[in-house]
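Written below as C-alpha cells is the structure these notes are about.
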Amino acid sequence: MTTAEKTWHQQHLDSLGFGQRLADTVANGMGSWKFIIIQTLLVVLWMTLNLVGFMYHWDVYPFILLNLLFSTQAAYAAPIIMMAQNRQNERDRAQAQADYQTNLDAKMEIEALQKQLNSIEVEKLDKIIALLEEFKKNQTK
C-alpha cells in the first residue's frame, strides 16, 4: 500500500517508534479491568501468604515492600500514561486535520457540481427559449 493509499491513522501508526508503541501498549493494559483484577488478586495473594505464611514472611505487616512496589509502579506508570495521552492528542489533531481537509475537498466538489448543474439549467432554459421562439415563428407563418 502506498503512502497516498494509507489512512491518516495507518500513517500515524507507521510513524511510531518502538518506545512509543510500548508506552501505548502499557497504558492500554494498565487502563483495563483485566489489569485491575489481576493486580487485586496478586495483592490479596501477597497479603495472605505474608499473614498466614508458616515458614517465612518476606513482607510482614504493614507490607512495606508491597508499598514500595506500588510506589515504583506509580512512578513509572504516570509518565508512560502521559506519553500515551500526548500521542492521543497528536492522533486527535491529525484526525481533525484530515476531517477538515475532507470537508474542504467535499465543499469544493459540491461547489463544482452546483456550477455544473447551473450551467445545465441555463443550457436547458436557452434551448426551451429557442424552441419557443421557433414555435412562435412557425405559428406566425
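The values are calculated or read from the model by the stated rules, or taken from the named source; none is laboratory data. Remember, predicted model here, so these are calculated numbers, not experimental data. Please note: Cβ atoms are built from the backbone with ideal geometry, for glycine as well, and neighbour counts cover all protein chains shown.
Looking at the structure I just gave you, is A106 aliphatic (A, V, I, L, M) and under 30 Å from the mean Cα position of the chain (by Cα)? When the stated conditions are applied, A106 passes them. Across the range 74-100, the qualifying residues are those that are polar (S, T, N, Q) and out of contact with any helix residue (DSSP H, G or I) (no Cβ under 9 Å at 6 or more places or on another chain), and the one among them that is nearest to V43 (Cα to Cα) is N86. Could you run through the range 1-27 and say how many residues are in contact (Cβ under 8 Å) with a residue 12 or more places away in the chain, among the aliphatic types (A, V, I, L, M) and over 14 Å from Y76 (Cα atoms)? Matching residues across the range 1-27 total 1.
Can you tell which of M108, M55 is at pLDDT below 90 and of a type outside the set (G, A, S)? Full working, then the answer.
On the way: M108 fails: at pLDDT below 90.
After applying the criteria, what remains is M55.
Pairing residues of the range 28-54 that are on the phi < 0 side of the Ramachandran plot and small (G, A, S) with residues that are surrounded by 10 or more Cβ atoms within 10 Å (Cβ to Cβ) and assigned to a helix (DSSP H, G or I), at Cβ distances under 6 Å and at least 6 apart in sequence or on separate chains, gives G29/F35.
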